[in-house]
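Undergrad: I am attaching a structure below and will ask some questions about it afterwards.
Read-outs: derived from the displayed coordinates by stated rules, not from any lab. Quantities reported herein were computed from a predicted structural model and do not represent experimental measurements.
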Amino acid sequence: MFKSYFEAAEKLIKLANDAAKGLSGNVTVHLGKIANGDQFIASAEKKDYMMKNFSSYVVEMEGGATAHAAMFLLSSFGLYLMMQAAVPKYSKKISLN
């Protein structure tokens, strides 16, 4: 049966989560769904839409291809993202500086 999502290997999720706990500095770690799409999400409205419809805090463009290749090759996969900026909910101007 076709699934519209890929499930990361539990062992790889645990390894990544354990490694993240050892990071120093002002680091917050979130474990959850990562949406995959073909656009940069830069507005509060689109962010809210993704959260409401997919329960995803982040959208990226390459991880889905990695997951699909792993599934095709009958291999395990895990996806670990580092973000350095997020769009404030009511922001009208975006700055990555």
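Undergrad: Considering Cα pairs under 8 angstrom that are at least six residues apart, work out the relative contact order of the stretch 5-60 and quote it in whole percent.
TA: Over the stretch 5-60, the number comes to 33 percent.
Undergrad: Using θ = phi - 60° and the Karplus curve 6.51 cos²θ - 1.76 cosθ + 1.60, what whole-Hz ³J(HN,Hα) does each residue of the stretch 58-63 get, with Gly and Pro shown as x?
TA: These are the phi-based 3J(HN,Hα) values: 9, 10, 9, 10, 10, x Hz.
Undergrad: Quick one: which residues, 5+ away or cross-chain, put their amide H under 5 Å from the amide H of VAL58? H built at 1.01 Å from N.
TA: ALA35
Undergrad: Using θ = phi - 60° and the Karplus relation 6.51 cos²θ - 1.76 cosθ + 1.60, list the HN-Hα couplings for the stretch 73-83 in order, rounded to whole Hz, with x at every Gly or Pro.
TA: Coupling constants for the stretch 73-83: 8, 6, 10, 7, 8, x, 10, 10, 10, 10, 10 Hz.
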